[in-house]
Amino acid sequence: MKSSPIYNIIHNPSRVSDCSFGVKDHFRQDIRVGTSSRNSHTLADISVERHITDSGAVHFNLFLDGNLIKKGILNGQDFEVE
């Protein structure tokens, strides 16, 4: 795994390999459903943001459709989820 503050592990049983990737500060995924690329509609907009505080703690925020769903705080080796 590459060293990235945000790492997305995408599991897809219909593929031979996964589609995992790392991100430094911000990640956004538009999940679309339908019958084709021309007939697709947004089901969800998911994003993750990273912020570093003056004290050095790293805050990760998970949003679903623009609403904050979950927070994670990395302080040294300790990780808390709110």
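In the set (1) modelled with pLDDT under 95; (2) surrounded by 11 or more Cβ atoms within 10 Å (Cβ to Cβ), the condition left unmet by Lys70 is number (1).
In segment 1-32, which residues are of a type in the set (A, V, I, L, M) and within 22 Å of Ile69 (Cα to Cα)? Hits for segment 1-32 are Ile6, Ile9, Ile10, Val23, Ile31.
Among the residues making up segment 1-45, a single one is under 18 Å from Asn61 (Cβ atoms), touching a Lys or Arg at 6+ places or on another chain (Cβ under 7 Å) and among the β-branched types (Val, Ile, Thr): Ile6.
Could you tell me which residue of segment 11-65 is nearest to Val81 (Cα to Cα), considering only residues that are part of a loop (DSSP other than H, G, I, E, B) and β-branched (Val, Ile, Thr)? Among residues in segment 11-65 that are part of a loop (DSSP other than H, G, I, E, B) and β-branched (Val, Ile, Thr), the one nearest to Val81 (Cα to Cα) is Thr53. A single member of Val23, Val58, Val48, Val33 is hydrophobic (A, V, I, L, M, F, W, C) and exposed (fewer than 12 other Cβ atoms within 10 Å of the Cβ), and it is Val33.
The values are calculated or read from the model by the stated rules, or taken from the named source; none is laboratory data. Treat the numbers as computed from the prediction; the structure is a model and nothing was measured. All Cβ positions, even for glycine, are placed from backbone atoms using ideal geometry, and neighbour counts span all protein chains on display.
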